[in-house]
Amino acid sequence: MESGQGTVTCGSWIRRPENLNLAVLGRSSKKKKSASPSVLEIFSFDTETTSLSTSPQVTHVFEETEGDLVTIAVHPSGDDLVCSSTKGGCKLFELHGQEINLKLLAKDLPPLQDAGPQTCMAFSVDGSKFATGGVDGRLRILEWPSLRIILDEPKAHKSVRDMDFSLDSEFLASTSTDGSARIWKAEDGSPVVSLTRNSDEKIELCRFSKDGTKPFLFCAVQKGDKAVTAVYDISTWNKIGYKRLLRKPASIMSISLDGKYLALSAMLLKSCSLADCNEAIDQIRSKDGDVCVAEVKKMEVSHLSKRLHLGTCITSLEFCPGQRVVLTTSDEWGAVVTKLNVPADWKETDPPSLSCAEWQIYLLLVVLFLASAVAFYIFFQKSDSFWNVPSGRGQPGKQFEILDPQYSEDAFGPVDM
């Protein structure tokens, strides 16, 4: 991938209907005396080499007055992209065409045109809602694509840190730089609850479970001098436990599309003034460059990349749709695509069709099973089996013993409390 003009400030994957994975990157000058405009670039992704294309497939150049790009949100369909900049508010891009003939059509977003810089933006899983959270603490939820305003809360937080929609698109979780976290109903924007926390706890980041089996909310929490990942039950919004996956505070959290893996990037704490937008955003980014990936079922680290972006800020961390790959970006190292050392047991493809030979094997297995069932039935009727002889009048029947009444099928197992 060519470095292009300017440094990479944000990035995201684009999932296309034709099972084609693209990556969108935002570049900005980041130099006070430079007049170079920000640029939006889209690259193709090669699954064989686990790399992005050497040059962008399509590029859009912003006006110099729009400032630096802050964050990017991609619609689940892959057809719409929303970008936020430090001075130009939010702008919508419609993506048209195939991989070799892509086109970007820029459009204004009237409700967000002068919204100011947004630290985080997210589409709901079903694509019907779009939420933004600003440096100024203002939280908005819009209906998509009508852009009808569902919620516009100017004082939702001191400054919005992170947000995520639940798998069923019913709830929106948001966190603040002051350590608080709130839950909202996505349908009407009504507040549901503020997550409980101890006086020494700060809730930094949030991601809902996405595997469709356990309704949990994962939160990166700074607990005193320890960084932990807390687990909340979304049926009660009570904290059920926590795991210590990192030895340092997390700056970014992401969860895979199938919900099997949770990724966090470590942060080296530093103090800085919040005098302007860029410094406010830099305060919540990683300066250590470590990225760890945990298997949700066991809540144990499965992959660790040390110093992936050493000495600079990790600005994006996102799983590739259908691949065990993550995309990370930083000012110093640009975009880095990392293949995870975890089982590649899931791909976003159509179910494979069975060949003639495979059908014959399955048919033979079914015939053998039926034959075994018939043989067992005949043997059962003609034998003095224990299961076939009823108990006498004075003879007690056999009783089953429950060997382990404490047995539990909790996918997470015991959670440290």
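A few remarks follow.
- Accessible surface of segment 196-251 [probe 1.4 Å, protein heavy atoms]: carbon and sulfur percent: 45 percent
- A protection proxy built from the mean count of other Cβ atoms within 10 Å ranks the segments 195-201, 363-369, 37-43, most packed first, as 37-43, 195-201, 363-369.
- Taking θ as phi - 60° and the Karplus parameters 6.51, -1.76 and 1.60, the scalar couplings of segment 84-99 work out to 10, 10, 5, 10, x, x, 10, 9, 9, 10, 9, 9, 10, x, 9, 4 Hz in sequence order, x denoting glycine and proline.
- Efficiency of FRET between LYS306 and LYS214 - r from beta-carbon atoms, R0 35 angstrom, step 0.05: 0.70
- Packing-based ranking, highest mean first, of 185-193, 315-323 given that Cβ atoms within 10 Å are counted: 315-323, 185-193
- Taking all Cα pairs closer than 8 Å and separated by 6 or more residues, the relative contact order of segment 99-242 comes to 13 percent.
- Listed cross-link partners LYS87/LYS239; LYS260/LYS306; LYS91/LYS223; LYS202/LYS306 are compared with a 31 Å cut-off, the Cα-Cα value being larger for LYS87/LYS239; LYS91/LYS223.
- Annotation for segment 108-161 versus segment 179-193: alpha-carbon center distance of 13 Å.
- Cβ-Cβ FRET estimate between GLN98 and ASN198, R0 fixed at 51 Å, reported to 0.05: 0.45
- Computed from the Cβ-Cβ distance with R0 of 30 Å, the FRET efficiency linking ASP114 to SER190 stands at 0.70.
- Computed Rg/Rh of segment 115-195, alpha carbon atoms with Kirkwood Rh: 0.92
- Per residue accessible area of segment 120-190, 1.4 Å probe, in Å²: 35 Å²
The values are calculated or read from the model by the stated rules, or taken from the named source; none is laboratory data. Keep in mind that what you see is a predicted model, and the values were worked out from it rather than measured. Here the Cβ is made from the backbone with ideal geometry for all residues, glycine too, and neighbour counts use every protein chain on show. Accessible surface is based on the protein model in full, side chains and every heavy atom, while ligands, DNA and RNA are left aside. Shrake-Rupley method; radii C 1.70, N 1.55, O 1.52, S 1.80 Å.
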